[in-house]
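Chemist: Structure incoming, see below.
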Amino acid sequence: MVKPRITCFMIVRNALSQGYPFVEAIAQALPVCDEMLVGDGGSTDGTLEVLRKLEQLNPKIKIHIDPWPGKSFAYDLRWATNKLMERCKGEYILYIQANEIIHEKSWEYLKHIHEIWPETWTFSLPFWWLVRDLWFGETYRLRMGRNMGILEAVSDAFSLGLRKTFMFKEFLKSLVNPRYFAWIVYRGLLSIYAYRIGSPGYSLPVVLPKPIFRYAVVYPLDFVRKLRGRLEFWKFVSSEANEMHKHIQELEALATLDQDTLARRVLDIMRAGSRPPSLYPDHMLRIPVEEHPRIMRDLILDKEHKTYHVREELYKIISEMR
């Protein structure tokens, strides 16, 4: 059997009821990868049934069931991501979350990144963070790299990082090699104060033809369901829980408003919890529909539905993705 060049992987749990466009995310990852691993953390809302159907439609897709421990929000996400990453067989791995859509204009670049930067171990990719079609922010995250066993999910699994065991070994090597120690300190200061774009060493931030579109919210009322789900599954301190309850009540009271007005209010809520918040001028705030990945444009234009739904045409699209 030919070893896969790129393995994409994604974790989900009740993605359907939380409004994550996880089927679209899988569809847009398939042209990049040779295998697509999806780890389900114990879904009870129909997500797993959708995944099983996708698995039957496309041989690249492989579903694994790993019930989450339920310890804490960040711990569970790290645990599930790392467990799934251990199953990746590709020479390179690409980590995509359930609300992140790779733009079709970036497929070819990601497929050939190993040829463009053959000496580089890991890659940080650009993300646009959106509330429907409103711009919440942009960021780079380390999400792709050689499958060398040196990466692990960090924090709440929004990014990958070097394993502590690898970093400890590098530190020990530096203790007996003053020149290497000085190089590590130098690189560290550069990373903090003068991060260099275009240096193909261990790690490299790359500029894709189009960034990865991260839809924090597609249908605003799904944001309410997401908050409710988090309150039920994970234990939050009282101040965080009270804040969530307040947002839930406010958005439920506004449920009859149109999608655009609701999205703007959700954006304000998310901004309030972000430090520092990104405050785009109104004339820059909305990203034109034609800029979005093709597979998402109908959802952005949809004024009829209030919550996310799996469109039937997606099954045909996924069955034909090779």
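Chemist: So the check is Cβ under 8 Å with 6+ separation or different chains; which pairs have a first residue in region 223-238 that's within 15 Å of Ile269 (Cα to Cα) and a second one that's open to solvent by 60 Å² or more (accessible area, probe 1.4 Å)?
Modeler: So the pair list comes out as Val224/Glu252.
Chemist: How many residues does region 100-134 hold that are crowded, with 18+ Cβ neighbours inside 10 Å and in contact with a strand residue (DSSP E or B) (Cβ under 8 Å, 6 or more places away or on another chain)?
Modeler: Here the count works out to 20.
Chemist: Let me ask another. For region 49-103, what are the residues that are farther than 15 Å from Leu151 by Cβ and of a type in the set (Asp, Glu)?
Modeler: Correct list: Glu49, Glu55, Asp66, Asp76, Glu100.
Chemist: OK, next. Is one or more of the residues making up region 38-61 more than 23 Å from Pro220 (Cα to Cα), of a type in the set (A, V, I, L, M, F, W, C) and within 17 Å of the chain's Cα centre (by Cα)?
Modeler: Yes, region 38-61 contains a residue that is more than 23 Å from Pro220 (Cα to Cα), of a type in the set (A, V, I, L, M, F, W, C) and within 17 Å of the chain's Cα centre (by Cα).
Chemist: While we're looking at this one, here's another question. Scan region 109-132 residue by residue and report those that are assigned to a loop (DSSP other than H, G, I, E, B) and within 17 Å of the chain's Cα centre (by Cα).
Modeler: The answer is Arg132, and nothing else.
Chemist: Spot the failing condition for Leu299; the list is (1) farther than 16 Å from Pro21 by Cα; (2) within 22 Å of the chain's Cα centre (by Cα), and only one is missed.
Modeler: Status for Leu299: all satisfied but (1).
Chemist: Can you name the residue in region 278-290 that is in contact (Cβ under 8 Å) with a residue 40 or more places away in the chain and under 27 Å from Lys246 (Cα atoms) and is also most open to solvent (accessible area, probe 1.4 Å) among such residues?
Modeler: So, considering only residues that are in contact (Cβ under 8 Å) with a residue 40 or more places away in the chain and under 27 Å from Lys246 (Cα atoms), the one most open to solvent (accessible area, probe 1.4 Å) is Arg286.
Chemist: Would you mind stating whether Ser238 is among the small types (Gly, Ala, Ser) and farther than 27 Å from Arg141 by Cα?
Modeler: Considered against the rule, which asks whether it is among the small types (Gly, Ala, Ser) and farther than 27 Å from Arg141 by Cα, Ser238 comes out as yes.
Chemist: Checking Glu312 against (1) open to solvent by 90 Å² or more (accessible area, probe 1.4 Å); (2) under 14 Å from Val217 (Cα atoms), which single condition isn't satisfied?
Modeler: Going through the list (1) open to solvent by 90 Å² or more (accessible area, probe 1.4 Å); (2) under 14 Å from Val217 (Cα atoms), Glu312 breaks only (2).
Chemist: A follow-up question, please. Would region 244-263 turn up any residue that is open to solvent by 90 Å² or more (accessible area, probe 1.4 Å), in contact with a helix residue (DSSP H, G or I) (Cβ under 6 Å, 6 or more places away or on another chain), basic (Lys, Arg) and part of a helix (DSSP H, G or I)?
Modeler: no
Chemist: Next question, about the same structure. Would you tally the residues in region 211-243 being aromatic (Phe, Trp, Tyr) and either at pLDDT below 90 or open to solvent by 30 Å² or more (accessible area, probe 1.4 Å) (or both)?
Modeler: Total satisfying the criteria: 3.
Chemist: Please give the number of the condition Asp268 fails out of (1) of a type in the set (Asp, Glu); (2) part of a helix (DSSP H, G or I); (3) open to solvent by 70 Å² or more (accessible area, probe 1.4 Å).
Modeler: (3)
Chemist: Select, from Arg264, Arg275, the only residue that is without any contact (Cβ under 8 Å) to a residue 24 or more places away in the chain, of a type in the set (Lys, Arg) and within 26 Å of Leu227 (Cβ to Cβ).
Modeler: Unique residue meeting the criteria: Arg275.
The values are calculated or read from the model by the stated rules, or taken from the named source; none is laboratory data. Here the structure is a predicted model, which is why all the values come from computation and not from measurement. Here Cβ is always computed from backbone atoms with ideal geometry, including for glycine, and neighbour counts include all displayed protein chains. Ligands, DNA and RNA are excluded from the accessible area calculation, which covers all protein heavy atoms including side chains. Shrake-Rupley method; radii C 1.70, N 1.55, O 1.52, S 1.80 Å.
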